[in-house]
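Report on the following structure.
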Amino acid sequence: MSIRQHGFTRTTLAHSVLSLPEPHFEPLSDSAVTTLFGEGDTARRTLINAWLDEGIVHIRTAALVSNVKDALLARLEYNVPALDYLTEAFALVASPGLGIPPLDLRPAVQHAASIADEACRVAGDTSIGPSWYTKRATLAAIYTAAELHQLASPQTAPGFLGSLFDSASDMQSVLSEAENSRSMLPRAGQRLPKVLVYFDTILQAGKCNSKRRAMGPVSVRAMNSLSV
Amino acid sequence: MTRGLKPPRLSLSPRLLHSLVQRPGPSSAYLDPNMSPDVSTCSTPNDLSPSRRKVLEAALRVDQAGEVAANYIYQGQLAVLRRDPETAALIQDMWAQERKHLAVMNKLQVQHQIRPTALWEVAKVAGFGLGAMTALMGKEAAMACTEAVETAIGEHYDDQLKDLQGSTHPSIVLLRNVIREFRDDELEHLDTAVENNSQRAPAHALLSSVVGIGCNIAIELCKRI
């Protein structure tokens, strides 16, 4: 509630004691906020990190979350009350206190990675080995794109997230069909450029219309001259 | 007409023979489809301190990586020695046990929500390369490689048992029993390797040192990466 009124500021920290189960009778003084949470922007970073950690708990406890898409939608929904202040909050977290380096991308990567990991956990993911990493990297990228979209256009963010998931699953099915086609290639006596199989699969899948438009009229001789 | 001498039979240690006969161990909680899941196989402790949680994560990560490498070591050895039926049969039996270990480690990774090692593919390639290279030096060298790797893994599992002491959560109690079972399996492989003339391998001491040091470096890397 306090964040909605005052943003990620020291004022919010000062007023937070008014919301305790046994509320304080007045907001904290600035020196008390410094003692408890650090001075200057350090206190604001502490507040932002605590709010982000609470976002992870929100994914775990949100109702009707059974798959990764629902988990990421729940996390986007958690952003809504604080949307007006999020851009500045992310900028603050990405700016180290000492000014060197001028921009630190690690908190942003950590933020997306922890959300992706929690979404996988909630959905009961059983990936092992390298697929553990690829799944989480994909989800982190999808969430980062959706969150950036939400900062610019909050109403269309859930739809945008859905379209990203649809694109990801389309690409996955195209790649797996291409892999299946490759494995069915005849072994000896017949040389087919691998790229022909990929193009054929993509065209037949009928899901990548943009590729068909980009290719235009490509002759069979031109395709046969390619070899990968 | 003189009869040709029969080649010496490869010997299986009584412990390996006994282990190859199906006997339920603690790992059957993960492998036996007839056993119903319970809190020891489906939950992870929530009350671990951050340092104890890090110890658990590092332990399971490196155990899983070690089983991946062990599987590929035997696969590499079999790729070279498959034409020797008795050696091939021995390697197949030990490989079958390692496959069982890896299946359990994969379930433990999911149960305790552990990040697997980023060096998964490196472990596969390095394991296969080590197994194939030592097998190319001869079957005694392959057995020496097995002896060195199983020695390092056996010591490593012993250290983990000490690190995991103290917690009474059912999943950690089961984990300790599983590690104890796997340690005993690895020591059986070590005995089998010794009984099959690993110590007659060329430059046995040097080979064992190099493989042992490599294993210890890999263990330290996989704990962290």
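Scan region B:22-57 for residues that are in contact (Cβ under 8 Å) with a residue 60 or more places away in the chain and either more than 22 Å from the chain's Cα centre (by Cα) or not in a helix (DSSP H, G or I) (or both) and the total you get is 13. With a requirement of 2 or more residues that are surrounded by 18 or more Cβ atoms within 10 Å (Cβ to Cβ) and assigned by TED's automatic domain parsing to the domain that holds A:LEU98, the helices (runs of 4 or more DSSP H) lying completely within region A:1-68 that satisfy it span A:41-61.
Scanning region A:94-124 for residues that are farther than 14 Å from A:ALA74 by Cβ, among the acidic types (Asp, Glu) and not in a loop (DSSP other than H, G, I, E, B) gives a single hit, A:ASP117.
Restricting region B:140-151 to residues that are of a type outside the set (Val, Ile, Thr) and surrounded by fewer than 24 Cβ atoms within 10 Å (Cβ to Cβ), the residue that is farthest from B:ASP63 (Cα to Cα) is B:GLU140. Here is the figure for region A:152-187: residues that are within 21 Å of A:ARG75 (Cα to Cα) and part of a helix (DSSP H, G or I) total 17. The residues on offer are B:ALA69, B:ALA65, and the sole one that is touching a helix residue (DSSP H, G or I) at 6+ places or on another chain (Cβ under 9 Å), within 12 Å of chain A (Cβ to nearest Cβ) and surrounded by 20 or more Cβ atoms within 10 Å (Cβ to Cβ) is B:ALA65.
Of everything in region B:113-139 that's away from every other protein chain (no Cβ under 11 Å) and surrounded by 19 or more Cβ atoms within 10 Å (Cβ to Cβ), which residue is nearest to B:ALA58 (Cα to Cα)? Restricting to residues being away from every other protein chain (no Cβ under 11 Å) and surrounded by 19 or more Cβ atoms within 10 Å (Cβ to Cβ), the top hit is B:GLY127. Quick one: which residue in B:GLN92, B:GLN97 is part of a helix (DSSP H, G or I), in contact with an Asp or Glu (Cβ under 8 Å, 6 or more places away or on another chain) and not hydroxyl-bearing (Ser, Thr, Tyr)? Answer to the check: B:GLN97. When we screen A:ALA145, A:ALA140, A:ALA112, A:ALA116 for residues that are surrounded by fewer than 16 Cβ atoms within 10 Å (Cβ to Cβ) and assigned by TED's automatic domain parsing to the domain that holds A:LEU161, the only hit is A:ALA145. Taking the listed residues B:THR87, B:THR41, the one that is of a type in the set (Val, Ile, Thr) and touching a Leu at 6+ places or on another chain (Cβ under 6 Å) is B:THR87, with no other qualifying. In region A:117-151, the residue that is nearest to the other protein chains (Cβ to nearest Cβ) out of those that are without any contact (Cβ under 8 Å) to a residue 40 or more places away in the chain and aliphatic (A, V, I, L, M) is A:ILE128. Screening A:PHE199, A:PHE160, A:PHE165 for residues that are modelled with pLDDT under 75 and either surrounded by 12 or more Cβ atoms within 10 Å (Cβ to Cβ) or closer than 25 Å to A:VAL122 by Cα (or both) leaves exactly one candidate, A:PHE199. Please indicate, with yes or no, whether at least one residue in region B:102-109 is out of contact with any Lys or Arg (no Cβ under 7 Å at 6 or more places or on another chain), within 17 Å of B:GLU150 (Cβ to Cβ) and within 14 Å of chain A (Cβ to nearest Cβ). For region B:102-109, residues out of contact with any Lys or Arg (no Cβ under 7 Å at 6 or more places or on another chain), within 17 Å of B:GLU150 (Cβ to Cβ) and within 14 Å of chain A (Cβ to nearest Cβ): present.
Filter region B:183-201 down to residues that are over 15 Å from B:HIS101 (Cβ atoms) and either buried (at least 19 other Cβ atoms within 10 Å of the Cβ) or at pLDDT 90 or above (or both), then give me how many there are. Of the residues in region B:183-201, 8 are over 15 Å from B:HIS101 (Cβ atoms) and either buried (at least 19 other Cβ atoms within 10 Å of the Cβ) or at pLDDT 90 or above (or both).
The values are calculated or read from the model by the stated rules, or taken from the named source; none is laboratory data. In this text the structure is predicted, and so the values were computed from the model without any measurement. In this analysis, Cβ positions are derived from the backbone assuming ideal geometry, glycine residues included, and neighbour counts consider all displayed protein chains.
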